[in-house]
């Protein structure tokens, strides 16, 4: 293969374009992109004299020269010169051709001073939908040295006889193009037939697969920002090979690729290879052998991928990297795994375990919790289902404490572990989603008719009926039978619309009433309505019951500590309506056993709970299911449909952000400003506006003139658009809505011709600590509470710990809902696809990537929205306490203007005027904001305030954090409805954790810290990784010391400056130094001063930062509340008295060492042990009956040292307890 040397210049650029099919009078599109650092920093751009972030252009080839036309965003005005405004009153813009430069190459070279010059190799436009031809197949070779890249290209040519038309050399990679004969430039199947197999065959960048893909243009410089030298660096992008006569038939290249790839190409193989080529593996120090993806037989592909993922997970768990060869993924012994959880088997062999297997075991066939001695037994899950009868039921043993596995079939414990996890995850998901309760009545009808079901008073009815079966319409003739009706809802938009349809008043529209009352309200307001009215021919209606129950556990339902009051109101409403021989009606398409069980637990004694199941499933048609990393391709498709005149209904489960529904609507308006009046947005910001209220009340009429209805989760259920106006439905599931809610969302527009859906691989919003199992979520809350409770009891001996709250039906459902959410999020795309298939949709998979123009357009839209909102808040009013209280107590929904006033008022209350005045914030767009506008963006939905509050608590004494914990509970107790266990907080434990890790000593903005300075912090965090994760939510095991330090600083609102420095030794190694930024330090101290001004008494309790806090000889494992993984280090250490944990279970080997070595009682005085007169035993005799703090039942002492005691429960289970947590029964 010949190689040519071209000079950097216009001839080189023209040669590449001509060779790739851009002949005279043809046009190509391109962009000039700055290095990322310059794009994100206005000050950096100014320092190098750059006045743009991105330049879009098209270029016409005119013989031997280029004519460039710049595309610009300009104000959108009507023919009279008047500005066209967006619905929010701000100026709209559009992208139009700007200046045309006859000397186009020189202009591009001028722009090339700051950014790289890119072009779209496929002609037609900037979007995938605009591409009209695909003249070439191409890839970026970036594996290995240039010599290795050239060798791979040469080898491919020798095998296939196909050599590149052009090769472009950049800073570290080769861009290689194979041109097709002109008759075979068709766009169809180009990605799947050419690009993806080419990526596999050449082990190249998998991102280069969509039709509208930017590539570098020869004849210009590759531009990079050198951070260490604070300057731009330039490397020529050169044309190394240019052979225009080299053209091949597309089918020839396709067949050649099929022979080069060892195994047949498939979409699943490509996805596995994409996974293998991700940067995460390089971070682990693994040299990836892509032959694993290419050589694996198709029949074994899924199993190979599963094993590989398991290997990588174990690799991440290693303490200090790995020396394992990836080719040994299936035989590697993984010798250097952390010894975090080990026990001695009966034969003395040390084995490893994971306590999660104890939870998973209950889902195995043959599960026996009694088992044999210390072992739970079950059948080995690797036994095929068809052979279960041939094997014993106890072929697998699971240790009851450590979770270690022992297969008596000789199965590899790692394979058993992975299979157990798969079985358990699938089983718990089914357990949380299935409806197995025996129905009282079964029907099969396309239109539900409640009047025909013979519903009798004095009972609770639960109706399960698929979406689209007229559940809401069935209420219209049913509700007039009742004198009083209370209807619970989860969302304002849904409640308003449904109440208007079924003849109820919405609470905000209720001005005055006397006598009977038929009213709908959000669960937040339920306690305001007297249960007594339901005793008079009453109906309690809960439509979309599963969503109402989920909403009851959301943040808004605990405002002012009112959640227990709301939960009590539900109980009172049920009791009242049944006592008055009325009826309670719970309806949803997504009723499962968990909702039925919850309702049964709330039902009065003797009250029947009757389940009605409608088995009818409507014909739901097709769903085009998009599989891509982001939804940009789907947004591009929606824009195309709108341009074809097809009205669209779009529902996005996030409101804000680059790919939220607000950005989406703004982006489409920016492309077509003439559509502004035809685009309607409904979200939590706009739902209180009178125009939106009216729109929802008459949605089937009002939507007739809507081109695009763009909604957030405000209308995921209940609202039905039945006018057939919207021909396309677009669903965007980023990972906020659960699977059931996401499937509900796309069914709002009845009669759509086609539904198109995109879902993220994994979701965004998880519950609790991301566990998939309700019992583990319960344990998580209880562990943190009990550890925190010890600090509270030491401060307030009269404090009454939670007891019955842990077993309430409300907390039980809360944990099940959290587990269901986590199960959805961890495999969101997979779960949603399965759900849609189960509901009766025909799924068509679409593999398409969006264009760069869509991505950039969405980013620009979100930037405008953010900045406009910040300025809108800054220009709003600060409310007096009286005005704020009046708005919060006003039954009417807040208008958008009132919401701005409330937001500004709370910013002032949360941060104080001094911090707001000093705040400076640089937006991603480069705009510098100050004062109020800066504070809006810095606040980040309250996240910054939570960080500064953590910093404040860290600098104060324990009493301040304890008082904050007590205040959170006191807010609920003030309503005299008890406390809810899911709302417990552990600010004190978090403060203790940070103090224990030694974060205080780093609170000095003048010092640059080296990695060696974090060694102790890193060691402590990883030694107590379960407790750190429980208390602070940081999974430290796979993090470096610097990452742990950075995350802990971020949690308290402190940013870090980072610089690379060289080691003073001759090794030449480099490392990062870190220092608190002066700005974040100043902001944090301004906040502290503001907090102290609100509570001057706290100033006396500010804790000084000390490098050497008081110490005591005390075992770190005593006291705590974290049983995740017992520690095995047989040592005693000098540790700070403020050790944040106090284990309830003492590790077996350490406890036995204490028992053997102790000759006299040891003092149990410690800050972590509740020093309350009723708790604590000294040296009770063997056989003494005791109670254990936070544990049910009674325990018998076997022997005791005064520090720890070996105790046994009535079932014979032995363990170790802290004496300070025991008392005589």
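Every read-out reported here was derived from the displayed coordinates using simple, explicitly stated rules and does not represent laboratory data. Fair warning: this is a prediction, and the values are worked out from it, not measured in the lab. Note that each Cβ is placed from the backbone with ideal geometry, even for glycine, and that neighbours are counted across all protein chains shown.
Here are some notes:
- Protection proxy ranking of 706-713, 848-855 - average other beta-carbon atoms within 10 Å, highest first: 706-713, 848-855
- Region 862-918 versus region 572-622: alpha-carbon centroid distance in Å: 41 Å
- Ranking of 925, 490, 392 by count of other Cβ atoms within 10 Å, fewest first: 392, 925, 490
- Computed label-point distance, nm, for sites residue 145 and residue 804 using a 7 Å Cα→Cβ extension: 7.7 nm
- Alpha-carbon centroid distance for the pair region 512-562 / region 736-762, whole angstrom: 28 Å
- Computed lengthening from residue 1208 to residue 181, 0.36 nm per intervening residue step minus Cα-Cα distance: 361.5 nm
- Using the Cβ-Cβ distance between residue 765 and residue 511 with R0 set to 41 Å, the FRET efficiency works out to roughly 0.65.
- Simple spin-label estimate for residue 1015 and residue 976 in nanometres, 7 Å along Cα-Cβ: 6.2 nm
- Full-extension gain in nm, residue 390 to residue 18, via 0.36 nm per residue minus C-alpha separation: 126.9 nm
- Förster radius 25 Å - calculated FRET efficiency between residue 941 and residue 877, Cβ distance, rounded to 0.05: 0.75
- For the peptides 684-696, 125-137, the ranking by mean Cβ contacts within 10 Å, running from highest to lowest, is 125-137, 684-696.
- Computed lengthening from residue 445 to residue 483, 0.36 nm per intervening residue step minus Cα-Cα distance: 10.8 nm
- Taking other C-beta atoms within 10 angstrom as a stand-in for reagent exposure, 656, 1030, 593 fall in the order 593, 656, 1030, fewest first.
- Listed from fewest to most Cβ neighbours within 10 Å, the set 269, 501 follows the order 501, 269.
- Centre-to-centre separation between the Cα atoms of region 645-700 and those of region 993-1053: 44 Å.
- Where labels lie 7 Å past Cα in the beta-carbon direction, separation of residue 231 and residue 1057 in nm: 2.2 nm
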